[in-house]
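The values are calculated or read from the model by the stated rules, or taken from the named source; none is laboratory data. Computed from a predicted structure; not experimentally measured. Ideal geometry is used to build each Cβ from the backbone, glycine not excepted, and the neighbour counts take in all protein chains shown.
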Amino acid sequence: MQTISGQCSCGKIAYHYPAPALQIVACHCGLCRRMTGAALSSYVVVKEAELAFTQGQELLKSYTVTSRTQRHFCTDCGTPLYNSNHETYAGLSMLYLGTVNQHESLAPRMDIYCENKLSWLETSDSCRHFEQMPRKS
């Protein structure tokens, strides 16, 4: 079983998740682009109740992005650590892949909001691609 750990850029906030990721997602929506300043955003989806901050939790701050979405980041270095959306994805946290120590072994398995994907960006054919967010089963 692969556990997940990670930290912010300055190393003052660290987290641990005791199980494998539920899903690994590459999101191409415009909101994710604006929040990260990047062409897309990659997330490791985990159960919120099992995500533990092992240091620096007092430095963690939240920003309300939309009425449903919050972005959580380090107040010292500004690194975004995870997003939450308690309305649509109750009980889940979306860790930014770049903050995960095991990021080399965690490739996205799903591309979402491909209708907004930048034309010059190539994505893996091994992922499942969705024009929008797939519906919950």
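For region 32-42: of the residues being within 12 Å of N83 (Cα to Cα) and out of contact with any helix residue (DSSP H, G or I) (no Cβ under 6 Å at 6 or more places or on another chain), which is surrounded by the fewest Cβ atoms within 10 Å (Cβ to Cβ)? Write out each step before concluding.
Taking region 32-42 first, the residues within 12 Å of N83 (Cα to Cα) are 32, 35-36, 41-42.
When the remaining residues are screened for being out of contact with any helix residue (DSSP H, G or I) (no Cβ under 6 Å at 6 or more places or on another chain), the result is 32, 35-36.
On the way: C32: 24, M35: 19, T36: 16.
Residue satisfying both the conditions and the ranking: T36.
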For T88, the lone unmet condition from (1) under 18 Å from C29 (Cα atoms); (2) in contact with a strand residue (DSSP E or B) (Cβ under 7 Å, 6 or more places away or on another chain); (3) among the β-branched types (V, I, T) is (2)
Practice item. Return a yes/no flag: does region 50-67 have any residue that is out of contact with any Lys or Arg (no Cβ under 6 Å at 6 or more places or on another chain), modelled with pLDDT under 90 and under 21 Å from H28 (Cα atoms). Key: yes
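Counting only residues that are touching a residue at least 40 places away in the same chain (Cβ under 8 Å) and aromatic (F, W, Y), which one in region 41-70 is farthest from S9 (Cα to Cα)? Explain how you work it out, then say what you get.
Here is the first cut: in region 41-70, the residues touching a residue at least 40 places away in the same chain (Cβ under 8 Å) are 41-49, 51, 53-57, 59-60.
Those left that are additionally aromatic (F, W, Y): 43, 53.
Working: Y43: 17, F53: 15 Å.
In this case the residue turns out to be Y43.
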Of the candidates L51, L22, the one satisfying the condition of being under 16 Å from L92 (Cβ atoms) and in contact with a Ser or Thr (Cβ under 7 Å, 6 or more places away or on another chain) is L51
If you go through region 4-23 one residue at a time, do you hit one that is surrounded by 15 or more Cβ atoms within 10 Å (Cβ to Cβ), touching a residue at least 40 places away in the same chain (Cβ under 8 Å) and under 13 Å from K117 (Cα atoms)?
no
